[in-house]
Every structure is written in structure tokens, then in C-alpha cells.
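Just below is one structure, and these are the notes that go with it.
The values are calculated or read from the model by the stated rules, or taken from the named source; none is laboratory data. Computed from a predicted structure; not experimentally measured. Glycine also receives a Cβ, built like all others from the backbone with ideal geometry; neighbour counts cover every protein chain displayed. Just the protein is used for accessible areas: all its heavy atoms, side chains included, with ligands, DNA and RNA removed. Shrake-Rupley method; radii C 1.70, N 1.55, O 1.52, S 1.80 Å.
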Amino acid sequence: MPVLVGAVLAVALGILAHRYRPLRTSILNLTSWFLTIPSLAFFALLIPVVGIGDTAPIIAMTFYALLPIVRNTVAGLTSVDQAIVEAAKGMGMGARARLIKIELPNAWPVILAGIRVATLLIIGITAIAALVGGGGLGQEIYSRGINRIPSPGSLEAILGGTGIIVLLAVIVDTIYLGIGRLTIPRGLRD
Amino acid sequence: MTDTMIELRELTKIYPGTDIPAVESLTMDIPRGEIVVFVGPSGCGKTTSLKMINRIIEPSSGHIVLDGEDVTNVDPDQLRRRIGYVIQQIGLFPHIRIGDNVATVPNLLGWDKERTRARVDELLDIVGLDPDIYRSRFPKELSGGQRQRVGVARALAADPPVLLMDEPFGAIDPITRTRLQNEFLRLQDELQKTIVFVTHDIDEAIKMGDRIAILEQKSIPAQFATPEEILTAPANEFVEDFVGAGATLKRLKLTRIREIDIIDDCLTGSITEDKHTLRRKLDESDWTALLLLDEQHRPIRWLRAPDFRHDRPVDQMGLPAVAFVEPHATLSDALEEMLIGSAGVAIVIDSRGTFQGILDIDTIINSIQLMRDESAEFYRAEKLIDPAEVVS
């Protein structure tokens, strides 16, 4: 969920940053600034606003997802061959049509790579959400693992939780490979 | 209908942050149905001038009149759909198929599917790409020359009256470039578009242009005239320097094969004839070789008397026919083909490959001689009216 919201928001921001040069640095700085906030602190800061539970982590993770996606959206759009854009313009394609029909499809492989990095990043951070009352695999590691050391079964819980998170990351990564195969236009694939 | 398709009036471009204009007060009439070539050293503003016509670059001042209508302030997207545009890097859209690339402008204009499809096939056919094979390929699967053909097809899609070409053959290897130039000229014979063509290569300008504008810095025309005039009567030192040495050789590029007398009565035989008939034909004639044609009258092999001694099927005797040229090719092309093919003669064929005649070195030398005489007369005439001479 955070990835999806983050992706939509980030691609929009990325397009904005690409279009209006003056905004580019501020948008990129802002998003990287979010990433420097320690996740635990970020979760904690949001608790007074949205309370304990799943909401705080979801909001925070959306922000974390922004940076890689915005960056790659800008990079992807910038890397589109200018000759293609000029050809489109020269044939009378308007700015919006150019963006949707030409620029975004050609930048898509790079944008998708950004979304993939964001997802993996978030899977790692999610575990910490348990500390602020969120659910998920973090519960396994903290409540049943770290908090109960040295009672029996705590180590197994930590390892189990970690293992599942890694497994999840691998599975998600594979899914992205599939998404790439399905959504990247054939003419752009090697 | 006026005879002028594009009128440029006092066009000036000053890029932001610079004082010196890139193009200064360019005024020019571009005649309907002709190829006008802008040629000049790099940085002379020729590309800027071209791109102001479809307003990829907005002029700082001045007017553009297209077919009698002032288009300086109309909606640029609408304007560009009426003007074909071909750039050096081609700029095919890599993520869509060739057919969809060609269909770009028809789609923008909202043509119905059936009409677009038919037009795409027609165009691919015109530029020499089999629609059934290439329609559904992606740009990366094509060679540079094929891509540029698609680029031209795409620019022609909605049948615009005007075509702007910015060094269209600049990034293509020399042999393919010559072929594409020839094909394009043949195409233009039928289409009669008004074309503005930018190049830095004077040879290409001479070959392609009905009229050439040699541009100095700030896109100031040093001479705007036909290739013949520019070669025989350069307006000033700048033009002379730019045209460079070897004006006679360059004039070979101006003369097309169809303009001179080719040898059309040379000895030919058909593959359907038997060996003895062919042998007898050769023996009875003054020719040392016989050109063998296939059922469609396409030349296939050269046969000489000694070749008949070997016991081989007719279609494997002698030497394969090489050095083919089409009537619209220039004498320079013919000479080049002869040199490449190490042949003493070039074979003239039409676009379907049917035999038309042959052309030998002597024919070319004769026509050079003729040209030299003409220019000698031209210069003598100049001298006669030279006031300096009269005074002395």
C-alpha cells in the first residue's frame, strides 16, 4: 500500500521536478531529507498526530518510498533521448501527449527500478513498525523475540521473523521482474 | 496558388543571454515544389533558420508565411502537423512498432483506423520497406538506413505540402547515403513537395538542391541560386571557398544519366535463347561482349566469345553483370559504380531493374568535355564585357 501511494505521488513529483528545473533541487532535497530521519524517530513523531497503530508506519513508509522513486523518475525522464522528444514535438504532439505517449513509456524501465528499490527498502523498515504498535513480521522479532530474551524460543522467533522478511523481499523482487516483463514495451527490452 | 510556398520575412533569432543574433534578418522565398538547401559552415545558423519554420525554435522577430498564410502566431502544434519533419538522429519512438511510428501524425489528426493502416502500408512501400515484414518490427531491429527510410515515411504520413529535413542523411554510411539520396530524389519527382533541406556538405547540397542558399554567419545568404549558377558563377569569395576545388568534378553530380545519350543499341541476348543463337549473335556483331538478360529483361551476365568454350549452362557463363545505375542517378554515381565494380561500363536500368542501355567511360568524358566548353564560353563572355579589359 505505501509503495502504491508513494509511487503515484513520487512519479507526479518526479514529473514536476523534471518539468520545472527550479523545483528540481528542492524536491530532490526534500525527499532525501525524509530518508535521513531515523525510522524509529519518524514513527514516534507521527504517533501524536495519528496515534498508535498501523497508520503512523504507513504514512512514514510512504515518505520513505518517495526518494528512490522521485530520483528515478527524474533520471528516467532526463535520459529519454532528446531527438525522440524533438521528433514528437516537430510532428505536432502537444506537451501532455508527449509526456504520456513518449516520455513516460521510455522512462518506465528506470522508474520501475526506483519503485523496486523503494519496495525492498520498505520491507526492511516495516519490521520496526512493531515498536509503535503496528502489526506485521516485526511483532515476531520484537514481542516474541528481543523482548523475551533469554526465554526459550526467543532466538528462533528472531531468526524466523528475519528469515521470512528476507524471503518476502526475494519473492517481491521476483514479482517485480515479472511486472517489468509485462509492462516494459518490447521495443525497449534488450 | 502562388509560386512561393514559404516566405521568410526578416527572421531574426537572438538566444537569451547573447547579444549577437544567431540568425539575422533572414528574408527568403522558397518556391513551391522545389528542394531548397541551406548549406554553410557549422554555427552559421542554418539549423536555427530551419527550426524557425516549424517554430521548434520561436523567432525573436520577423514573420513566416506558409502558402499565403502568416503562421508566425498560429498554434504551433497545428502548424507542425502540416509540415513534415526529418532530423538527423531520426528520433523514431523506440517503444512502439514501425507501423505506429509512421502513424503518429494520422493518429494526432484523428484519422480512422482503416485509413491510417492503408496509408502506413502505402508509405512503407514507397520508401522501399515491405509492409508485411516491417510494419510490426521495432526500431532497434532496423539498420540505420532503414530507420531513416521510416523517418521519411513518418514525415510524409499526412501528406504535408512542406518537408523540413535537418541533415537527414548525415549519420549514415556513405554508400547507403548515396542510395537514400537517389531514392529520395526519385520520390520527390513524384511527390513535388516543397522541401527545405539543411546540410553542411556542399556536395550533398549540389546533388539534392533545386536551389541552394549558401549561408554565412548569422544565416546571411551569400548566394541563393541554382547549383549550376553557384558552380559556374560564385557570387563572391566566400562562396568560391565554400564550393572548393574541383568544380568540374562536382558538375558531374549535376548531370543525370537521363540527360545524356546512353548507348541503347548494345548487344543483348535473352536467357531463353540457346547457346548457339547467342554465340552467333556475338560473332556477327562488332561488340566484344553480349549482355545476357533474364525473362524480365533484367541484366544478369556479360558473355564474351571465350566464355562459350566452357561447357556451362548459359546463366553461369561469363561474368556477373555489375555497376547498375538508374536514369536519375548522376554521372558521378555512374563513374563511382564503374570504379567500385571495376567495370568499364555501367548498366542503366529502370526502377524495376529492366535494361535500358549502357554507359561507358567515353560517354562520361565526352560530357565533361561538353561542360568544359560551355563554361569556357561562359567565361569568355564574361571577359568580353569586363570594363577593366575595355579600358586597357
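A few points about this structure:
- Kirkwood hydrodynamic radius (C-alpha pairs) into Stokes-Einstein, chain A, 4 °C and 1.567 mPa s, D in µm²/s: 71 µm²/s
- GluC sites (Glu not before Pro) restricted to DSSP loop in the stretch B:211-312 with at most 13 other C-beta within 10 Å: B:GLU295
- Ellipticity at 222 nm from helices only: DSSP H runs of n ≥ 4 in chain B, each -39500 (n - 2.57), divided by the residue count, give -10500 deg cm²/dmol.
- Distance from the C-alpha centroid of the stretch A:4-83 to that of the stretch B:174-195: 52 Å, rounded to the whole angstrom.
- Comparing the full protein assembly with the isolated chain, the residues of the stretch A:77-95 losing at least 20 square angstrom of accessible surface (1.4 Å probe) are A:ALA83, A:ILE84, A:GLU86, A:ALA87, A:LYS89, A:GLY90, A:MET91, A:GLY92, A:MET93, A:GLY94.
- Taking the inverse of the mean 1/r over every pair of distinct Cα atoms in the protein assembly as shown gives a Kirkwood hydrodynamic radius of 29.4 Å.
- Cβ-defined net charge surrounding B:PRO21, 9 Å radius [Lys, Arg +1; Asp, Glu -1]: 0
- Summing both sides, the accessible surface hidden between A and B at a 1.4 Å probe radius is close to 1900 Å².
- Among beta bridges from DSSP that stay inside chain B, the antiparallel ones total about 55%.
- Approximating the spin labels as points 7 Å out from Cα along Cα→Cβ, the B:ASP294-to-A:LEU159 distance works out to 7.6 nm.
- Among beta bridges from DSSP that stay inside the protein assembly as shown, the antiparallel ones total about 55%.
- Simple Cβ-charge dipole of the stretch A:55-128, Lys/Arg +1 and Asp/Glu -1, about Cα centre, in debye nearest 20: 120 debye
- Of the solvent-accessible surface of the stretch A:34-91, computed with a 1.4 Å probe over protein heavy atoms with every protein chain present, carbon and sulfur atoms account for 69 percent.
- Remark: the Cα gyration tensor places the stretch B:311-360 in the oblate category, a/c being 1.5 or greater and a/b not exceeding b/c.
- Rounded, prolate or oblate (a/c below 1.5 giving rounded, otherwise prolate when a/b exceeds b/c) for chain B by Cα gyration tensor: oblate
- DSSP bridge pairs, the stretch B:225-316: antiparallel proportion in percent, nearest 5: 60 percent
- Projecting the Cα positions of B:ALA305, B:PRO161, B:VAL120 onto the charge dipole of the protein assembly as shown (unit charges on Cβ atoms of Lys, Arg, Asp and Glu, taken about the Cα centre) puts B:VAL120 furthest along the positive direction.
- Only helices reaching 15 angstrom along their own axis (Cα) with mean Kyte-Doolittle hydropathy no lower than -0.5 count here, and for the DSSP H runs of chain B these are B:144-156, B:361-384.
- Axis of helix A:55-79 versus longest Cα principal axis of chain A: the two differ by about 30°, to the nearest ten degrees.
- Taken per residue, the accessible surface of the protein assembly as shown reaches 49 Å², heavy atoms only and a 1.4 Å probe.
- Length added when fully stretched, A:PHE34-A:ASP190, from 0.36 nm per residue minus Cα-Cα: 52.7 nm
- For the protein assembly as shown, the residue among A:PRO109, B:PHE138, A:LEU121 whose Cα projects farthest onto the positive side of the dipole built from Cβ charges is A:LEU121.
- Size descriptor, Kirkwood hydrodynamic radius, that averages inverse alpha-carbon separations across the stretch B:1-74, Å: 12.7 Å
- Taking the 1.4 Å solvent-accessible surface of the stretch B:4-83 as the whole, the part contributed by carbon and sulfur is 48%.
- Residues in the stretch B:193-215 that a label on B:GLU259 would reach, taking backbone N under 18 Å of a point 7 Å out along Cα→Cβ: B:202-213
- Test item: Cα-centred dipole of the protein assembly as shown, Lys/Arg +1 and Asp/Glu -1 on Cβ, debye: 3460 debye
- Under a model in which nothing but the beta-carbon of Lys, Arg (+1) and Asp, Glu (-1) is charged, chain A shows a dipole of about 600 debye around its Cα centre.
- Shielded residues, the stretch B:35-65 - accessible-area loss of 30 Å² or more between chain alone and all protein chains, probe 1.4 Å: B:ILE56
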